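Report on the following structure.
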Amino acid sequence: QILGICNGFQILTETGLLPGALLQNISGHFESRWVNITTSQYDFWRTNHLESKLLHLPVANGEGRFVWRTDTDGLVFPAFYYVDDTQNTAIAGDKTAPCIAGITDKSGYIMGMMPHPERCCDPLLGKTDGTKIFNSIINSFIN
């Protein structure tokens with residue numbers, strides 16, 4: 001299994017292991033803040049062990065906007081979407097597509113995501129939602 005976080009996600013798309021590309025943020029600058037994400041709506045075996053569908057994670061990137069073209073990149077399998085506090089899906093710059101926070105390949109063995117779960121795995125860091133993601137991945141192999 002491969003999990004690419006932030007720059008790791010970029011590498012997975014640039015090498016073709018995952019479809020699409022990561023472009024400059026719509027804001028045009030580096031963003032370092034906390035965001036909400038939720039699991040995708042289909043029953044994905046890597047995330048269906050999550051205790052909560054709403055997770056609060058940090059992002060820190062300048063090129064975190066995931067884009068793809070169905071005619072050249074093929075199908076995209078979302079694992080996570082950005083959402084607001086009421087779990088409404090955030091909408092991309094074109095106002096029609098949900099903002100994708102993470103995807104997988106068709107098998108589910110390669111996953112890339114922009115938010116940083118590793119930065120929120122201890123109460124001293126303010127949140128522990130990142131632990132939920134890692135535990136869900138581990139539990140998907142055990143169960």
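Every condition in (1) assigned to a loop (DSSP other than H, G, I, E, B); (2) modelled with pLDDT under 75; (3) open to solvent by 20 Å² or more (accessible area, probe 1.4 Å) holds for F44 except the one numbered (3).
Look at (1) at pLDDT below 85; (2) over 28 Å from I138 (Cα atoms) and you find that L75 fails only one, number (2). For the condition in a loop (DSSP other than H, G, I, E, B) and either at pLDDT 90 or above or open to solvent by 30 Å² or more (accessible area, probe 1.4 Å) (or both), G4 does not qualify.
Restricting attention to region 15-28, does a residue exist that is aliphatic (A, V, I, L, M), open to solvent by less than 70 Å² (accessible area, probe 1.4 Å) and at pLDDT 95 or above? No: zero hits. Name the residue that is modelled with the lowest pLDDT, counting only residues in region 88-143 that are among the hydroxyl-bearing types (S, T, Y) and assigned to a loop (DSSP other than H, G, I, E, B). So, considering only residues that are among the hydroxyl-bearing types (S, T, Y) and assigned to a loop (DSSP other than H, G, I, E, B), the one modelled with the lowest pLDDT is T96.
The values are calculated or read from the model by the stated rules, or taken from the named source; none is laboratory data. Quick caveat: nothing in here was measured; it's all calculated off a predicted structure. Surface accessibility is based on the protein's heavy atoms, side chains included, excluding ligands, DNA and RNA. Shrake-Rupley method; radii C 1.70, N 1.55, O 1.52, S 1.80 Å.
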